[in-house]
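As structure tokens, the structure follows; a few thoughts come after it.
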Amino acid sequence: MIKLENVEKKYSDGYVALKNINLECKEGEITVLIGPSGCGKSTTMKLINRLIHPTKGKVYINGKDISEVNPVELRRKIGYVIQHIGLFPHMTIAENVAVVPNLLNWEKEKTDRRINELMKLVGLDPQTYRNRYPKELSGGQQQRIGVIRAMAAEPPVILMDEAFSALDPISREQLQDELVELQKNIKKTIVFVTHYMDEALKIADKIVLMKDGEIVQEGSPEEILRHPANDFVKSFIGEKRLNLIQDIPTAAEVMKKKPVTTYPTRGLAESIKMMERRQVDSLIVVNQDNQLQGYISIYDVIRHFRDETKRVGDILERFSHTVGPDALLTEVTRMIDENKLAYVPVVNEEEKLLGIVTRGSLVGFLSDIYPSGDSGVVQQ
């Protein structure tokens, strides 16, 4: 979606703000740029909407060199949220949100519908707030309006430069939660600049850690925490976080390594016999290369049993949730609990089944760590 290729930014006084930056921000993901002051994160963001121009290299959006795009047209397709919000004080909330749709000559009915829809998304009742002015809202409410104003014209890209930094810790955390939930629905390509590691870990699909105009390390929050590239990264993450991560088991440590599996070509009568023999009510379906295909339950088999032409592959259901072997136990248990799952498959990058984490395997793992017995009785 967004690609920076061999980008350098050198100012007239000789200061080099960016050095050979190569970066890709995937569509529908939140990429967080983080690092100390002066590391180049805000400069990188400003290159994306042509507020500044690279000395060398190219910036692409959807495969198109943005230097060949009219800057006004480019910016109308990019939402921008800044630290100090920047709402127009003389405009109502509705008028603030409608700025870009009006520039694009949207019909009033369409604009009003979009305003109401976005305000509801961030928990602000349109009837209550749309005709108020910014000064009548709290800082957190104003920043919510700043976020939805950036989304109003449905841009594919949203840039957020220290968007929550000016807020108090409670408001900042609330907005982080709301952004994560919002992204599940809107699936925008978001570039987010912050200097808070907790914020980056919480919201990012990919973290890009920068220092002195260079990318020191990039990867998922999991990768950054588990495999810090050097001492700088370790110090930026913080010793407390690193120590905590080292103590949390992974899915690979907790999973059952030999779940009951079957192939798509197997028959339904055979499936029932396998369930009976292994005392399970579902089978995981894999192909000949052990790649995960889905699952069948006893209820699926019974429903289709009379049709002798049916095979496992005809009735299987896809898994809505899987995890990698390095997923932390906290992440896995939250996934199981929030989605009321009986188990979660553990797969590698090639989608090959490694095992499953079940509620039983969780209990078994914990019982191994915290064995029961008379020694557990507290003596008075």
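The values are calculated or read from the model by the stated rules, or taken from the named source; none is laboratory data. Quick caveat, the model's predicted, so the values are computed rather than measured. Cβ placement follows ideal geometry from the backbone for every residue including glycine, while neighbour counts extend to all protein chains displayed.
A few notes on this one:
- Any chance Ile158 is crowded, with 20+ Cβ neighbours inside 10 Å and in a loop (DSSP other than H, G, I, E, B): no
- Looking across segment 112-125, the residues that are farther than 20 Å from Ala166 by Cβ and touching a residue at least 24 places away in the same chain (Cβ under 8 Å) come down to Arg114, Ile115, Leu118, Met119, Leu121.
- Residue that is out of contact with any Gly (no Cβ under 8 Å at 6 or more places or on another chain), basic (Lys, Arg) and over 20 Å from Phe192 (Cα atoms), where the choices are Lys64, Lys26: Lys64
- Residue that is farthest from Asn339 (Cα to Cα), among those in segment 281-321 that are out of contact with any strand residue (DSSP E or B) (no Cβ under 7 Å at 6 or more places or on another chain) and of a type in the set (Phe, Trp, Tyr): Phe305
- The numbered conditions (1) within 27 Å of the chain's Cα centre (by Cα); (2) farther than 28 Å from Ile30 by Cα are all true for Ile85 except (2).
- Any hit, segment 93-109, residues being modelled with pLDDT under 90, surrounded by fewer than 18 Cβ atoms within 10 Å (Cβ to Cβ), assigned to a helix (DSSP H, G or I) and out of contact with any strand residue (DSSP E or B) (no Cβ under 9 Å at 6 or more places or on another chain): yes
- Sole exception among (1) among the aliphatic types (A, V, I, L, M); (2) more than 21 Å from Ile78 (Cβ to Cβ); (3) touching a residue at least 40 places away in the same chain (Cβ under 8 Å) for Val191, by number: (2)
- Among the residues of this structure, Gly57 counts as one that is out of contact with any helix residue (DSSP H, G or I) (no Cβ under 7 Å at 6 or more places or on another chain) and at pLDDT 95 or above.
- Selected residue (criterion: farthest from Val180 (Cα to Cα)) from residues of segment 12-34 that are of a type outside the set (Gly, Ala, Ser) and part of a loop (DSSP other than H, G, I, E, B): Asp13
- You will find that of Ile190, Ile207, Ile170, Ile186, the residue that is out of contact with any Pro (no Cβ under 9 Å at 6 or more places or on another chain) and either at pLDDT 90 or above or not assigned by TED's automatic domain parsing to the domain that holds Ile93 (or both) is Ile190 and no other.
- Just one of the numbered conditions (1) modelled with pLDDT of 95 or more; (2) part of a loop (DSSP other than H, G, I, E, B) is not true of Gly38: (1).
- Count - residues of segment 42-92 that are of a type in the set (A, V, I, L, M, F, W, C), part of a loop (DSSP other than H, G, I, E, B) and under 30 Å from Tyr15 (Cβ atoms): 4
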